[in-house]
Each structure stands twice: as structure tokens, then as C-alpha cells.
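J.: Before I ask anything, let me first share the structure, which is written out below as C-alpha cells.
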Amino acid sequence: MRSLSPLFLVFLVVLGVAGTRPPAASAAQPRILADPVANDECGACHMPYPPRFLPKSSWKRIMANLENHFGGDASLDPETRDHIAAFYARYGAERGDDVLRITETWWWRRAHRYEIPTSVWTRVGSPANCLACHRASGRGNDD
Amino acid sequence: MRPSARMLPLAALAVGLVLTAATPGRAEPARDAILADLAAQAKAADAGFAGFSAERGRALFATRHAGGKPKTPSCATCHTKDPRARGKTRVGKVIEPMAVSANPSRFTDARKVAKWFRRNCRSVLGRVCSAREKGDFITFMMSR
């Protein structure tokens with residue numbers, strides 16, 4: 001069997017890593033991005049997800065149906081909801097998959113499809129529990 | 001062996017502190033106001049209303065209800081069976097204890113109380129809770 005050239009191996013590694021990050025943010029956005037109201041309200045149940053994790057259109061649909069929020073009722077008073085909706089409308093990704101779950105975006109699936117044993121998902125409870133592995137995520141830095 | 005007489009005031013103080021900690025719900029005006037408001041609503045809904053019951057609150061908390069969302073059949077699903085323990089949301093985030101003895105700030109913010117009863121009663125029971133149910137729940141949590 002012919003052995004692979006080192007250059008080709010480097011190419012494969014680059015190919016594997018590319019596309020595993022959420023799309024760059026739309027508006028000029030600070031590296032660490034957080035809204036105190038979103039942190040409090042979204043963060044009461046799960047990590048307050050950075051807006052660029054989903055396209056603006058997805059955030060709009062999510063914020064319009066908080067009464068049925070992935071199997072729970074996450075309704076807010078109108079004033080609070082409008083504030084958080086404006087934050088995600090401003091900083092959400094310009095384009096991306098038209099999905100509601102972050103775990104259904106191409107970049108998330110690509111980033112998590114290899115190397116993560118089933119036992120890890122069992123231990124952390126849910127893929128929505130980003131912080132179980134990504135310790136800095138809650139501070140707006142999703143590395 | 002008898003405890004030394006000098007230790008007695010200290011022991012009395014310790015006992016006093018423990019007793020104070022065991023009845024944390026009583027001296028909190030904000031929580032009392034929330035309960036009084038719920039009691040007035042319960043009375044308006046039912047003239048025979050004769051006060052809240054920690055035992056009914058316990059049953060509401062522990063029962064597996066039908067009619068709510070499938071993943072949250074009971075309050076204890078997320079809060080665990082022990083209200084003094086920390087719970088976990090369905091995605092793994094820690095929920096601070098519900099029992100007032102373990103978390104003295106519980107039920108002191110009327111907006112927060114209204115928001116979480118609205119959401120969680122719909123999630124667990126599939127309907128809003130009555131004022132009596134809310135008062136029973138809070139009374140149970142004050143007793144723990």
C-alpha cells in the first residue's frame with residue numbers, strides 16, 4: 001500500500017478542523033458578548049447561548065414561542081421577552097441552517113461528531129450542557 | 001461527665017441559633033405579603049378556604065401528574081424529592097434548593113414567584129395553579 005505523503009495528512013487535518021466553529025457574528029461584536037437580562041433569564045435553565053450560534057431567523061422563531069420551549073414552558077413577561085429578542089435579533093448570525101436546535105446546525109454537528117464517546121453524553125445529561133466540557137462558555141467565550 | 005458551667009451560655013446560644021435557623025420563614029415580610037395575597041385570592045375563589053396546608057403542598061410537589069409535558073411529570077423531576085437538596089434542570093444546570101431553610105431568599109420576589117409558578121405549573125400540570133395550590137406549595141417549602 002502506498003503511504004500517504006505528510007503534506008496530504010496535513011491537508012486532511014485542516015479539512016477536519018475547518019467548519020467546526022459557529023459562523024462569525026453579524027454586527028461588529030465584542031469577543032465576549034453578554035446581555036445581563038439574557039444571562040439571568042436564559043441562564044436560569046441553561047447556559048445563555050451566544051447569539052451567533054443560530055441565525056437571526058431561528059432566534060426570532062424561538063423568541064416567538066417561549067411557551068413551548070423544547071419541551072418546557074419558558075414564557076416571559078412581554079417587556080423582558082422583547083428585550084432578549086432584540087439582543088438576539090441584533091447579534092444573531094446572518095445566515096445558517098434554518099433550525100431551532102443548536103445541535104442541528106452544521107458547525108455543531110461537525111464539531112461533535114467524532115471522538116466523543118456515548119458515556120460522555122450520558123454523564124453530562126444533555127448536549128445542551130455545553131459547560132460540562134467547555135468551561136469558558138458561560139462567560140461568552142465559546143472556546 | 002457534666003458540661004462545665006462556663007459552657008452553658010454558649011450552649012444556649014447554639015441552641016438558639018439552631019432554632020432560629022429552623023424557622024426561617026416567619027420573619028420575612030416579603031414572603032408573608034406574597035402568602036397573604038395568595039390567601040386573599042384563595043378566599044375569593046372559595047369561601048370555605050381555611051388556610052394553606054404544608055401537607056397538601058407536599059403532595060403537590062411529590063405527585064406524578066398527568067396532563068403536563070412528558071419530560072416533567074413532577075416538580076421533583078427537576079427539584080429532586082428532597083426540597084433541601086439542589087436540583088438540576090433537564091439540561092444539567094443546577095437549581096438552588098426550594099426549601100426556605102436551605103435557601104432563605106426563596107419566595108421573596110413576587111414577580112419571580114409568579115413567573116415560575118406560571119411556567120412550571122404549565123410544564124408539570126398542563127394548567128395554571130390555583131392560589132390555594134401556590135400557597136400550599138410555599139407553606140410546604142417554609143416547613144422544610
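J.: Could you list, in sequence order, the residues of region A:92-108 that are within 17 Å of A:Met47 (Cα to Cα) and touching a residue at least 40 places away in the same chain (Cβ under 8 Å)?
T.: Within region A:92-108, A:Gly92, A:Leu100, A:Ile102, A:Trp108 meet the criteria.
J.: Restricting the search to region A:43-61, which residues are more than 14 Å from chain B (Cβ to nearest Cβ) and over 21 Å from A:Arg21 (Cβ atoms)?
T.: So in region A:43-61, the residues more than 14 Å from chain B (Cβ to nearest Cβ) come out as A:50-61.
Residues satisfying the conditions are A:Lys60, A:Arg61.
J.: Please name all residue pairs, on different chains or six or more residues apart, with Cβ atoms under 7 Å, provided the first residue is in region A:109-132 and is more than 14 Å from chain B (Cβ to nearest Cβ) and open to solvent by 60 Å² or more (accessible area, probe 1.4 Å) and the second residue is assigned to a helix (DSSP H, G or I) and of a type in the set (A, V, I, L, M, F, W, C).
T.: none
J.: Can you spot a residue in region B:63-81 that is aliphatic (A, V, I, L, M) and over 27 Å from A:Asp40 (Cβ atoms)? Walk me through it before giving the result.
T.: Start the filter on region B:63-81 by keeping residues that are aliphatic (A, V, I, L, M), which leaves B:66, B:76.
Going one step further and asking which of them are over 27 Å from A:Asp40 (Cβ atoms), we end up with B:66.
There is at least one residue in region B:63-81 that is aliphatic (A, V, I, L, M) and over 27 Å from A:Asp40 (Cβ atoms).
J.: Residue check: is B:Asp32 acidic (Asp, Glu), in a loop (DSSP other than H, G, I, E, B) and modelled with pLDDT of 95 or more? It would help to see each step written out before you state the result.
T.: Working: acidic (Asp, Glu): yes; in a loop (DSSP other than H, G, I, E, B): no; modelled with pLDDT of 95 or more: yes.
Taking the combined requirement at face value, the residue does not satisfy it.
J.: Something else now. Filter region B:92-144 down to residues that are within 23 Å of A:Cys42 (Cβ to Cβ), basic (Lys, Arg) and open to solvent by 20 Å² or more (accessible area, probe 1.4 Å), then give me how many there are.
T.: 7
J.: Evaluate region B:126-135: report whether one residue or more is more than 14 Å from every other protein chain (Cβ to nearest Cβ) and under 20 Å from A:Gly72 (Cβ atoms). Let's see the steps before the verdict.
T.: Looking only at region B:126-135, we keep the residues that are more than 14 Å from every other protein chain (Cβ to nearest Cβ), and these are B:130-135.
Keeping just the survivors that are under 20 Å from A:Gly72 (Cβ atoms) gives B:133-134.
Taking every residue of region B:126-135 in turn, at least one turns out to be more than 14 Å from every other protein chain (Cβ to nearest Cβ) and under 20 Å from A:Gly72 (Cβ atoms).
J.: Another question, if that's okay. Could you list, in sequence order, all residues of region A:67-83 that are at the interface with chain B (Cβ under 7 Å from one of its Cβ atoms) and of a type outside the set (S, T, N, Q)? Spell out how you get there, then give the answer.
T.: Filtering region A:67-83 down to residues at the interface with chain B (Cβ under 7 Å from one of its Cβ atoms) leaves A:71-75.
Answer for region A:67-83, where residues must be at the interface with chain B (Cβ under 7 Å from one of its Cβ atoms) and of a type outside the set (S, T, N, Q): A:Gly71, A:Gly72, A:Asp73, A:Ala74.
J.: (1) open to solvent by less than 50 Å² (accessible area, probe 1.4 Å); (2) modelled with pLDDT under 95; (3) over 25 Å from A:Ala44 (Cα atoms): which one isn't true of B:Gly25, the others all being true?
T.: Looking at each condition in turn, B:Gly25 falls short on (3).
J.: When region B:43-53 is examined, which residues are found to be more than 19 Å from B:Asn120 (Cβ to Cβ) and not hydroxyl-bearing (Ser, Thr, Tyr)? I'd like the intermediate steps shown before the answer.
T.: Filtering region B:43-53 for residues more than 19 Å from B:Asn120 (Cβ to Cβ) gives B:43-51, B:53.
Scanning region B:43-53 gives B:Lys43, B:Ala44, B:Ala45, B:Asp46, B:Ala47, B:Gly48, B:Phe49, B:Ala50, B:Gly51.
J.: So which residues in region B:63-84 are aliphatic (A, V, I, L, M) and surrounded by 14 or more Cβ atoms within 10 Å (Cβ to Cβ), if there are any at all? Steps first, answer last, please.
T.: Kept after step one, since they are aliphatic (A, V, I, L, M), are these residues of region B:63-84: B:66, B:76.
Once the filter is applied, which keeps residues that are aliphatic (A, V, I, L, M) and surrounded by 14 or more Cβ atoms within 10 Å (Cβ to Cβ), region B:63-84 yields only B:Ala76.
The values are calculated or read from the model by the stated rules, or taken from the named source; none is laboratory data. In this text, all values refer to a predicted model and were calculated from it rather than measured experimentally. As a convention, Cβ positions derive from the backbone with ideal geometry for all residues, glycine included, and neighbour counts pool all protein chains shown. Side chains included, ligands, DNA and RNA excluded: accessible areas come from the protein's heavy atoms. Shrake-Rupley method; radii C 1.70, N 1.55, O 1.52, S 1.80 Å.
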